[in-house]
Structure formats: structure tokens, C-alpha cells
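**Q** Following this message is one structure expressed as C-alpha cells.
Laboratory data are not the source of any read-out in this text; all were calculated from the coordinates shown. All figures in this text were calculated on a predicted structure; none of them were measured in a lab. Note: ideal-geometry Cβ built from the backbone for every residue, glycine included; neighbour counts use all protein chains shown.
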Amino acid sequence: MSRPRTVALLVALAASSVALPAFAKSDAFKLGVGLGGVIGGNFLDKPSDKTLVMPNGQSVQGSDFYPGFAGMTAGGGLMIDARFISLLGVELDVFRTSDKGSGDLTLHSGPSSVKVHMTLGQSAWHVPVLVKLAIPAPIVSPVVFVGPEFVFPGSPTFKADPALAQEIKASADQYTMIAFGAGVEIKLPLPAIDLRIPVQLRGGYNPGVSSKLADRITTDSSFQLKTIKSEWKFQAVATLGAELYF
């Protein structure tokens, strides 16, 4: 199944699952639908194990291969929130973001050296499914949440400045982050509609990123760098939205 179809299926399943209770006309259930934006940073730390194994079986330290990366993520999209008895909730977001970062690498050739600025990343669909606990209040309700965040990367890119002699590419597979955070939900004092402004701080951790350098890059037989993975390990973002509850 293609990535867009996978995202569409997740949205359809989530929307149908949260919409069914609305037909019951229960005061204990509310469905919120709205739009939100996200901005923050994503990070790839330096691997703790820098060992690379040569074709003859000899181990070498590849410390000059990987600088670590950090950069901005920004985007926005759809927010859906199913709220039960004003206390418990399940939120599903579908955000399209640009996730990119950069790092500096110093390459040595004899007595001389050159600093190379590397940039990698991609656009991606982020689909967090968050279990929420809200403290009911007339105007401002505190919330905490945790859950998986499914990430569907687009085509990643890599750029080096100055350009390198060898061709280097970025790669990224689908991955899942552990998302968590806290925020507030501001209920606007409007007489006819239930409009709320969610403001959140979110963190994310991708346990699938290895601490081994050999798992994050590929090299050719002469140990020239060929591919760097751009599946982000950490994320810290702020979100702001507007949701109408029924």
C-alpha cells in the first residue's frame, strides 16, 4: 500500500471510530474537529558506537563519517478529538511537515582539512494517536497526553557545501515515535458554539534509531560514505490550533 493511501486509511478508520458515538446524542461524548499548526525542532545525535567493519574483517572507528544533525520542523493539518465525560480523550492529528536538519563535518586530507556543512531531511506525514487526560475547567483546562506517532517520510534529500566528490544520498523508511506532552485547552466564551484553542508542547522519541554508526550509514568497499539515514530520533514542537466541538 502506498504512503498516501496508508494515511488516508488511518484517517478514515479514526474518523469512523470516533464519529459513531456521536449518533447516540450523549452529553458524555463530544467530537472536536479543527486545524492546527506545528513548529519546532528535530534531532539526530551522534552514535555512541562508531565501529565500522572492513571487508577483511578489521574494525575501524568511523568518527569522521557522522556529525549529528539538528534542524527545524514546521507544518500543519487536521486535528480530531474524541472527548468522553469531559475528562478522557483520544486525539488523532494528520500533519504535513518539513523535517530537516544540518551538521558540520571536518574532513582531513594530509596536513589540510575542510569543513563541510551537510543538510538532510524530507517532507513527511505525521499521524499521532494520543490518549489524553483533561482537567475540566470553565475556561482553561490543563491536558496531558501520550501515544504513538506514525511518520511517513517523503523522498529525502542530502546536500553538502562545499560539494563532495562522491555522491551521497539520504534515505528514510516509515517509523514510529513515542509522542508525549502537556498543554492547555482554552474554551472561548461564545454563546452559540463550543470553540476551543488547544496549545501544546510535545516531545517525541524514535526508539528505532540505532546507537551504532554502522546502522545509520552505508559505505562502499573503499569506505566512502554513500547513504545517510534521515529518520529523526528526537522531536520537540509546539502546536496551536482551533477545534469546534459537537
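**Q** With each pseudo-label sitting 7 Å past Cα toward Cβ, what's the ARG96-SER59 distance in nm, one decimal?
**A** Placing both labels 7 Å beyond Cα along the Cβ direction yields 4.7 nm.
**Q** Pick out, from GLY154, ALA70, LEU120, the residue whose Cα sits farthest towards the positive end of the charge dipole of region 3-245, with +1 on the Cβ of Lys and Arg and -1 on the Cβ of Asp and Glu.
**A** Positive-most Cα among the choices belongs to GLY154.
**Q** A further question on this structure: First measure r as the distance between the Cβ atoms of GLN224 and LEU133, then evaluate 1/(1 + (r/R0)^6) with R0 = 30 Å and state the FRET efficiency to the nearest 0.05.
**A** Efficiency for this residue pair is about 0.05.
**Q** May I ask for the Kirkwood hydrodynamic radius of region 47-146, worked out over all distinct Cα pairs and given in angstroms to one decimal? Can you show the working numbers first?
**A** Numbers: mean 1/r = 0.0553 Å⁻¹.
Kirkwood radius, region 47-146: 18.1 Å.
**Q** Let me ask another. Dividing the convex hull volume of the Cα atoms of region 104-182 by its residue count, what figure in Å³ per residue is obtained?
**A** Numbers: hull volume 11.8 nm³, N = 79.
Measuring per residue, one finds 149 Å³ for the Cα hull of region 104-182.
**Q** Against the longest alpha carbon principal axis of the chain, how many degrees, from 0 to 90 and to the nearest 10, is the axis of helix 3-19 turned?
**A** Approximately 20 degrees, to the nearest ten.
**Q** Would you please state which residues of region 66-98 a label at LYS46 would reach in this model, taking the label point 7 Å out along Cα→Cβ and a backbone N cut-off of under 12 Å?
**A** Hits in region 66-98 for LYS46 at 12 Å: 66-69.
**Q** In whole Hz, with x marking every Gly and Pro, tabulate ³J(HN,Hα) for region 86-91 from phi via Karplus 6.51 cos²θ - 1.76 cosθ + 1.60, θ = phi - 60°.
**A** Computed from phi, the couplings for region 86-91 are 6, 10, 9, x, 10, 10 Hz.
**Q** Using the 2.2 N^0.38 Å rule of thumb for compact globular proteins, work out how the chain stacks up: its C-alpha Rg over that value, please.
**A** Working: Rg = 21.9 Å, N = 246, 2.2 N^0.38 = 17.8 Å.
My calculation over the Cα atoms of the chain gives 1.23.
**Q** Mind checking the dipole of the chain: about its Cα centre, +1 per Lys or Arg Cβ, -1 per Asp or Glu Cβ, Debye to the nearest 20?
**A** On the way: 21 positive and 19 negative charges, 26 e Å.
The calculation lands at about 120 debye.
**Q** Normalising by the residue count of region 28-154, find the relative contact order in percent from Cα pairs under 8 Å and 6+ residues apart.
**A** On the way: 290 pairs, mean separation 28.0, N = 127.
Computed over region 28-154, the figure is 22 percent.
**Q** Given only helices, namely DSSP H runs of n ≥ 4 each adding -39500 (n - 2.57), what is the per-residue ellipticity at 222 nm of the chain, to the nearest 500 deg cm²/dmol?
**A** Estimated from H runs of four or more residues: -2500 deg cm²/dmol.
**Q** Report the full-extension gain for the segment LEU190 to ALA214: residue separation times 0.36 nm, less the Cα-Cα distance, to one decimal in nm. Each step should come with its number before you reach the end.
**A** Values: separation 24, 0.36 × 24 = 8.64 nm, distance 5.68 nm.
The LEU190-ALA214 span can extend by a further 3.0 nm.
**Q** Next up: Considering only DSSP beta bridges whose two residues both sit in the chain, what percent are antiparallel, to the nearest 5?
**A** Values: 113 of 117 bridges.
Just about 95 percent of them are antiparallel.
**Q** Now for a separate question. Taking the Cα centre as origin and putting +1 on Lys and Arg beta-carbons and -1 on Asp and Glu beta-carbons, what dipole magnitude results for region 159-246, to the nearest 20 debye?
**A** Numbers: 10 positive and 9 negative charges, 33 e Å.
With only Lys, Arg, Asp and Glu charged at Cβ, the dipole is about 160 debye.
**Q** Above 16 Å lies some portion of the pair distances; for region 152-223, what is it as a whole percent of all C-alpha pairs?
**A** Working: 1856 of 2556 pairs.
Within region 152-223, distances greater than 16 Å cover 73 percent of Cα pairs.
**Q** Quick one: if the Förster radius is 30 Å, what FRET efficiency do VAL116 and ALA238 give, using the C-beta to C-beta distance and rounding to 0.05?
**A** Computed FRET efficiency for VAL116 and ALA238: 0.45.
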